[in-house]
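Trainee: Okay, here's the structure, questions in a sec.
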Amino acid sequence: QKEVEQNSGPLSVPEGAIASLNCTYSDRGSQSFFWYRQYSGKSPELIMSIYSNGDKEDGRFTAQLNKASQYVSLLIRDSQPSDSATYLCAVNRGGGADGLTFGKGTHLIIQP
Amino acid sequence: GAVVSQHPSWVICKSGTSVKIECRSLDFQATTMFWYRQFPKQSLMLMATSNEGSKATYEQGVEKDKFLINHASLTLSTLTVTSAHPEDSSFYICSVGGKGGNTIYFGEGSWLTVV
């Protein structure tokens, strides 16, 4: 049974601070890792994808992957109120032919 | 612009009727499409994988006779909820996986309410 675990929150962070979101997964065969942002009532939108151990930076976002610990995280620097949303961690075994296993999401609130 | 388009965005139907949701890949030919379901305050759950030219693969616990999937072409997959009941009310989302790649795009989602 593939599982992806996230702290549901809410996680409250002051505007301008760093928000840190964490995720663990159970399937050691997972090769691809994704962070999605989902606003209430909307479809998820891709924030970051990461496939190799280490850090990957894209603007204010940094994804971190540690396959040995089966752990993936997302850092959001200079948090903005518009970053307030639910962040979903998702994994799959790789390739466009494999569906995603999602965590339940972390509700992030950026306080102005 | 949108890569994946879903229609309708929302639909209300009577209990016992059937509802069809379309998912279209706009920018490329999709050999694989996925259907997810999301109940309020829950995460997305993969329902089935739709492969062009072959039968859909359903996840454990998903009734294939109730949720009919047809991957009619490389740009269109449809999900038909047959004999819908109130417990089928949910947010249905499709996604598209490109051949040979790891890119996964989501449609805008379809809200289904069964009354």
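The values are calculated or read from the model by the stated rules, or taken from the named source; none is laboratory data. Everything quoted here is computed from the prediction, not taken from an experiment. Note that we place each Cβ from the backbone using ideal geometry, even for glycine, and neighbour counts take in every protein chain shown. Surface accessibility is based on the protein's heavy atoms, side chains included, excluding ligands, DNA and RNA. Shrake-Rupley method; radii C 1.70, N 1.55, O 1.52, S 1.80 Å.
Trainee: For region B:94-105, state whether one or more residues are modelled with pLDDT under 95, farther than 27 Å from A:GLU3 by Cβ and facing another protein chain (nearest Cβ under 9 Å).
Mentor: yes
Trainee: Can I ask one more? Where residues in region B:15-34 are more than 9 Å from chain A (Cβ to nearest Cβ) and in a strand (DSSP E or B), which of them is most open to solvent (accessible area, probe 1.4 Å)?
Mentor: The selected residue is B:LYS20.
Trainee: Sticking with this one: Which residues, counting only those in region A:42-64, are within 26 Å of B:GLN42 (Cβ to Cβ) and within 12 Å of chain B (Cβ to nearest Cβ)?
Mentor: A:LYS42, A:SER43, A:PRO44, A:GLU45, A:LEU46, A:SER49, A:ILE50
Trainee: I've got another one for you. Provide a single number: the residues in region A:40-64 that are surrounded by fewer than 15 Cβ atoms within 10 Å (Cβ to Cβ), modelled with pLDDT of 95 or more and not charged (D, E, K, R).
Mentor: Total meeting the criteria: 3.
Trainee: While we're looking at this one, here's another question. Look at A:LEU88 and say whether it is within 14 Å of chain B (Cβ to nearest Cβ), under 10 Å from the mean Cα position of the chain (by Cα) and not basic (Lys, Arg).
Mentor: yes
Trainee: Within region A:36-48, is there a residue that is among the aromatic types (Phe, Trp, Tyr) and assigned to a strand (DSSP E or B)?
Mentor: Within region A:36-48 (the criterion being among the aromatic types (Phe, Trp, Tyr) and assigned to a strand (DSSP E or B)), the answer is yes, since at least one residue qualifies.
Trainee: If you don't mind, another one. Assess whether A:LEU88 counts as being more than 21 Å from B:GLU108 (Cβ to Cβ), in contact (Cβ under 8 Å) with a residue 24 or more places away in the chain, open to solvent by less than 30 Å² (accessible area, probe 1.4 Å) and in contact with a strand residue (DSSP E or B) (Cβ under 9 Å, 6 or more places away or on another chain).
Mentor: no
Trainee: Quick one: is A:GLY103 within 14 Å of chain B (Cβ to nearest Cβ), among the small types (Gly, Ala, Ser) and free of Cβ contacts under 8 Å to residues at least 40 places away in the same chain?
Mentor: No: the conditions fail for A:GLY103.
Trainee: Residues being among the aliphatic types (A, V, I, L, M) and open to solvent by 20 Å² or more (accessible area, probe 1.4 Å): count how many of those fall in region B:36-71.
Mentor: Of the residues in region B:36-71, 6 are among the aliphatic types (A, V, I, L, M) and open to solvent by 20 Å² or more (accessible area, probe 1.4 Å).
Trainee: Answer yes or no as to whether B:ALA84 is within 16 Å of B:GLY107 (Cα to Cα) and not in a strand (DSSP E or B).
Mentor: no
Trainee: Within region A:13-48, how many residues are more than 13 Å from A:TYR87 (Cα to Cα) and out of contact with any Cys (no Cβ under 9 Å at 6 or more places or on another chain)?
Mentor: The number of residues fulfilling the criteria is 14.
Trainee: Can you name every residue in region A:65-81 that is open to solvent by 10 Å² or more (accessible area, probe 1.4 Å) and under 24 Å from B:GLN42 (Cβ atoms)?
Mentor: The answer is A:GLN70, A:TYR71.
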